[in-house]
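In what follows, a single structure is set out as structure tokens and then discussed.
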Amino acid sequence: MNQATCSFDPIAVDGEARAGALTTRRGVIETPVFMPVGTAGTVKGIRFEELESEELDARIILGNTYHLWLRPGIETIKAAGGLHKFIGWNRAMLTDSGGFQVWSLGALRKITEAGTEFRSHIDGSLRFLSPEVSMEVQTALGAEIAMAFDECAPGEATPEDARRSIELTLRWAKRSKDAHVAQLLNLRPDDESQTDSLRYRQALFGIIQGAGHLDLRRESLERTLEIGFDGYAIGGLSVGEEKHVMMDVIEDIAPRMPVEAPRYLMGVGTPEDLVEAVARGVDMFDCVLPTRNGRNGQAFTSRGKLNIKNARYALDQSPLDESCNCSVCRRHTRAFIRHLYQSGEMLASILLTHHNLAFFLDTMKRVRQAIRSGQFAKFRREFTEQLHCGLE
Ligand SMILES: [Zn+2]
């Protein structure tokens, strides 16, 4: 079966929070880790050199199967020798299954036992995504970590709807695993240059669903563990449910997840969400907030969110965040970045994206240090207090 894909070693534990090392064929990733989202093979608004720089040092980024499958298409990526070579990134990657993107198309998609039929948002063509297709695409992309194809229930799903959703997700999880094993076994030796010796080396993570219903979440976890994956993700959160529901699910489920496997909270969240989820036992995160909000003029700071469009910053000679040591904060003022934003200059998005990613990644670095030194509770209290004391 799926041997030697990736390994996870918990190094330090502080309460439920854990610091660990996730070893992949493309390097060791210290956890807890934030993974910047590279939807279409690019983390929007930032060059790969910056992501690799000592300042940001992103060890792993995300790629979106749905987007890459539709455009440029798998043949283009195969011709380059896989996603890493196509985009020029030699560090670790994780690809999602496409399930969430297809789910978020809403009325434009039709879900059956076989899979999901939908219209491409690019050219309107009819497409079909299933566990088997998702595994075929993710194997071709060749990330270190692939995700099982799941179905997400809305945050406010009734117990009946959430039950139907976890049953379908479990059947799809089994099919995903079978298809993944078959894909890797089918790689011929001469395919290995294309997939960069992928055989046996791409991990597959299972996804726990069940909306806000703890009994269904626990059952989903138990039965996903029975199928057996290299790591486990909590999916279907931050999809419209109340914040306390999300935290209740994480608090109940994360400590029940295997100690020796990475725990990944999908699509979450703000810096505060990250710290709170770490406190409940989560190791891995991804979210579009630092990049998307950066493009919309919003900076995340140690004192909360800052909207650069606000007129109060027009003459403000201070950096985005006084406590941030990133290259943007060392060089530029709020007044200048606001001017760039108001003028529609692309540099506004670039600078805000850079700072936001620096803030997210630095926060996780401080989280790891705090856990390793047994100071996480203190870090969490001070981080939260400062976040809520407001911008100067
Ligand atoms: Zn900064």
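The values are calculated or read from the model by the stated rules, or taken from the named source; none is laboratory data. These numbers come from a predicted model, not from an experiment. Note that we place each Cβ from the backbone using ideal geometry, even for glycine, and neighbour counts take in every protein chain shown. Protein only, heavy atoms only, side chains kept; ligands, DNA and RNA dropped before computing areas. Shrake-Rupley method; radii C 1.70, N 1.55, O 1.52, S 1.80 Å.
When you check Ala348 against the structure, is it open to solvent by less than 10 Å² (accessible area, probe 1.4 Å) and either under 25 Å from the mean Cα position of the chain (by Cα) or closer than 22 Å to Gly38 by Cα (or both), yes or no?
Details: open to solvent by less than 10 Å² (accessible area, probe 1.4 Å): yes; either under 25 Å from the mean Cα position of the chain (by Cα) or closer than 22 Å to Gly38 by Cα (or both): yes.
For Ala348, the condition - open to solvent by less than 10 Å² (accessible area, probe 1.4 Å) and either under 25 Å from the mean Cα position of the chain (by Cα) or closer than 22 Å to Gly38 by Cα (or both) - is met.
Answer with yes or no whether Ser327 is over 17 Å from Phe383 (Cβ atoms), within 12 Å of the ligand (Cβ to nearest atom) and exposed (fewer than 15 other Cβ atoms within 10 Å of the Cβ). Give the derivation first.
Values: over 17 Å from Phe383 (Cβ atoms): yes; within 12 Å of the ligand (Cβ to nearest atom): yes; exposed (fewer than 15 other Cβ atoms within 10 Å of the Cβ): no.
Criteria not met by Ser327.
Only one residue in Ala143, Ala173, Ala153 is closer than 21 Å to Asp230 by Cα, in contact (Cβ under 8 Å) with a residue 60 or more places away in the chain and of a type in the set (A, V, I, L, M), so which one is that? Quick ask: steps written out before the conclusion?
Details: Ala173 fails: in contact (Cβ under 8 Å) with a residue 60 or more places away in the chain; Ala153 fails: closer than 21 Å to Asp230 by Cα.
Of the residues listed, the single one that is closer than 21 Å to Asp230 by Cα, in contact (Cβ under 8 Å) with a residue 60 or more places away in the chain and of a type in the set (A, V, I, L, M) is Ala143.
Quick check: is even one residue across segment 93-101 buried (at least 21 other Cβ atoms within 10 Å of the Cβ) and among the charged types (D, E, K, R)?
There is at least one residue in segment 93-101 that is buried (at least 21 other Cβ atoms within 10 Å of the Cβ) and among the charged types (D, E, K, R).
Does segment 285-335 hold any residues that are closer than 29 Å to Gly235 by Cβ and hydrophobic (A, V, I, L, M, F, W, C), and which are they?
Phe285, Cys287, Val288, Leu289, Ala299, Phe300
For the structure I just gave you, tell me whether Phe383 is touching a residue at least 60 places away in the same chain (Cβ under 8 Å) and either under 23 Å from the mean Cα position of the chain (by Cα) or within 15 Å of the ligand (Cβ to nearest atom) (or both).
On the way: touching a residue at least 60 places away in the same chain (Cβ under 8 Å): yes; either under 23 Å from the mean Cα position of the chain (by Cα) or within 15 Å of the ligand (Cβ to nearest atom) (or both): yes.
For Phe383, the condition - touching a residue at least 60 places away in the same chain (Cβ under 8 Å) and either under 23 Å from the mean Cα position of the chain (by Cα) or within 15 Å of the ligand (Cβ to nearest atom) (or both) - is met.
If I ask for residues that are of a type in the set (Gly, Ala, Ser) and within 16 Å of the ligand (Cβ to nearest atom), which ones from segment 305-324 would you list? Before the answer, list the steps.
Narrowing segment 305-324 to residues of a type in the set (Gly, Ala, Ser): 311, 314, 318, 323.
Within segment 305-324, Ser318, Ser323 meet the criteria.
It is to be established whether one or more residues within segment 363-371 are buried (at least 20 other Cβ atoms within 10 Å of the Cβ), at pLDDT 95 or above and among the charged types (D, E, K, R).
Yes; the residues of segment 363-371 include at least one that is buried (at least 20 other Cβ atoms within 10 Å of the Cβ), at pLDDT 95 or above and among the charged types (D, E, K, R).
Restricting the first residue to segment 308-324 and requiring it to be of a type in the set (Lys, Arg), which pairs with a second residue that is modelled with pLDDT of 95 or more meet a Cβ separation below 8 Å and a spacing of at least six or different chains?
Hits for this filter: Lys309/Gly297; Lys309/Arg338; Lys309/Tyr341; Lys309/Gln342.
Can you tell me which of (1) buried (at least 22 other Cβ atoms within 10 Å of the Cβ); (2) within 21 Å of Gln101 (Cβ to Cβ); (3) touching a helix residue (DSSP H, G or I) at 6+ places or on another chain (Cβ under 8 Å) is the one Val275 doesn't meet?
For Val275, the exception is condition (2).
Just to be sure before I move on: is Glu75 open to solvent by 60 Å² or more (accessible area, probe 1.4 Å), more than 29 Å from Arg59 (Cβ to Cβ), assigned to a helix (DSSP H, G or I) and not hydroxyl-bearing (Ser, Thr, Tyr) in the structure I sent?
So Glu75 fits the description; yes.
Surrounded by fewer than 20 Cβ atoms within 10 Å (Cβ to Cβ), within 10 Å of the ligand (Cβ to nearest atom) and not hydrophobic (A, V, I, L, M, F, W, C): is that true of Ser343 in this structure? Working first, answer last.
Details: surrounded by fewer than 20 Cβ atoms within 10 Å (Cβ to Cβ): yes; within 10 Å of the ligand (Cβ to nearest atom): no; not hydrophobic (A, V, I, L, M, F, W, C): yes.
No, not satisfied.
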